[in-house]
1. Only one of these is farther than 24 Å from residue B:226 by Cα and in a strand (DSSP E or B): A:27, A:65. Name it.
2. Take the range A:1-14 and flag every residue that is in a strand (DSSP E or B) and crowded, with 18+ Cβ neighbours inside 10 Å.
3. Scan the range B:166-204 residue by residue and report those that are of a type in the set (Asp, Glu) and either over 18 Å from residue B:235 (Cα atoms) or surrounded by fewer than 19 Cβ atoms within 10 Å (Cβ to Cβ) (or both).
4. Any idea which of B:162, B:197, B:186 is over 26 Å from residue B:26 (Cβ atoms), polar (S, T, N, Q) and within 14 Å of chain A (Cβ to nearest Cβ)?
5. Restricting to the range A:59-72, name every residue that is closer than 20 Å to residue B:49 by Cα and crowded, with 16+ Cβ neighbours inside 10 Å.
6. Within the set of pairs 6 or more residues apart or between chains, which connect a residue that is touching a residue at least 60 places away in the same chain (Cβ under 8 Å) inside the range B:61-74 to a residue that is assigned to a strand (DSSP E or B) and among the hydrophobic types (A, V, I, L, M, F, W, C) with Cβ atoms less than 8 Å apart?
7. Can you tell me which residue within the range B:138-156, out of those that are touching a strand residue (DSSP E or B) at 6+ places or on another chain (Cβ under 9 Å), within 11 Å of residue B:199 (Cβ to Cβ) and in a loop (DSSP other than H, G, I, E, B), is farthest from the other protein chains (Cβ to nearest Cβ)?
8. Please work out which one of (1) buried (at least 24 other Cβ atoms within 10 Å of the Cβ); (2) in contact with a Leu (Cβ under 8 Å, 6 or more places away or on another chain) is the condition residue B:131 fails and give its number.
Amino acid sequence: MCTNIVAPTAIRGAGRGERGWFKMNTALVSYDHPIEMRDEHALNIDFISDVVGERVAVEMDATSARALAAAITEALRLAEEADALV
Amino acid sequence: MPYRTDDQETIVAETVTITGHNGDQIRAFYARPSGSGPRPGVVLIHHAPGWDDWYKEATFRFARRGYAAITPNLYERLGHGTVEDVMVLMRAAGGVPDVQVVGDVVASAKYLKAQPSNGKVGVIGSCSGGRHAYLCATQSDEFAAVVDLWGGGVVMKPEDLNDKRPVAPIDLTPSLKIPLLGIFGNEDRGPSPEQVNQHEEALKAQGKQYEFHRYDGAGHGFFYYDRPAYRQEQAVDGWNKTWAFFEQHLA
């Protein structure tokens with residue numbers, strides 16, 4: 001099924017796409033049909049800019065996505081603890 | 001009709017520009033046998049991943065069966081890039097409005113009728129396109145038959161309605177005036193077998209002309225030969241039912 005589940009998030013960062021590095025401004029998080037994975041649904045993140053084609057795409061299963069979210073949170077917690085967060 | 005080995009086939013297939021919803025110029029892939037016609041037409045409504053190879057190949061397939069077939073690019077207004085890039089633009093936009101899709105598909109039917117046509121045009125779509133096909137069939141008089149391939153979101157919860165999808169297609173069932181063929185996988189979760197039951201009950205209660213075929217061992221998108229969801233036996237049977245249905249109602 002097409003879930004139409006999309007959660008866009010504004011971000012400031014850089015990504016390395018097909019044509020090299022670019023400034024990305026949005027992480028488009030969706031849970032829908034993946035392109036490459038063979039699963040029917042996946043957690044997809046498209047890091048994009050306003051330029052069509054500037055894009056870094058990742059797809060993973062739900063378990064991996066939860067683990068990734070936890071790892072990001074943990075890294076930020078450690079950074080905060082080390083007083084390294086600016 | 002299946003081809004004979006002594007047929008001399010010439011298919012013309014090309015990207016054309018048509019006037020879509022709101023007067024917008026949109027691209028469409030148009031394929032038909034060469035020659036003067038007249039011939040029946042079919043509009044193919046692409047699925048959520050976009051105006052992709054599968055849809056263009058399916059359009060070509062209809063042409064080889066003797067139809068003038070067209071598939072409009074429903075994501076034209078979002079911009080251009082690879083199919084994947086455009087799908088991401090669609091996701092970022094939160095989908096395309098139903099009213100715009102219906103407008104583009106009706107415009108495609110009118111385009112076919114302006115060519116050497118027998119005046120009969122069918123409409124077929126899969127996934128989100130199956131839902132759109134049902135919307136078109138219930139909101140326009142341009143079509144003579146409709147095929148819904150596992151259309152998700154025909155049955156919708158009130159909280160899922162929004163500006164772009166303001167009406168649950170099942171609620172438009174009273175307006176359906178043409179025969180409907182529905183093809184579904186029993187392992188699909190959108191539409192689930194329960195939702196297909198609900199749709200069938202509505203059709204039955206209102207005395208509509210329809211036939212539903214539900215396949216065991218198949219889930220969502222089982223015609224897509226480039227995806228793991230492909231189920232050869234069920235897909236071949238589903239295609240045969242589609243050919244027979246359109247031949248019966250569009251010839």
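The values are calculated or read from the model by the stated rules, or taken from the named source; none is laboratory data. Given the structure is predicted, the values throughout are model-derived calculations rather than measurements. Positions of Cβ are backbone-derived with ideal geometry, glycine not excepted, and every protein chain shown enters the neighbour counts.
1. Every option except A:27 fails the conditions.
2. Result: A:6, single match.
3. Those that are of a type in the set (Asp, Glu) and either over 18 Å from residue B:235 (Cα atoms) or surrounded by fewer than 19 Cβ atoms within 10 Å (Cβ to Cβ) (or both): B:171, B:187, B:194, B:200, B:201.
4. Just one listed residue meets the conditions, B:186.
5. Passing the criteria: A:59, A:60.
6. Taking only residues 6 or more apart or on different chains, the pairs are B:64/B:11; B:67/B:42.
7. Only one residue tops the list, namely B:154.
8. (2)
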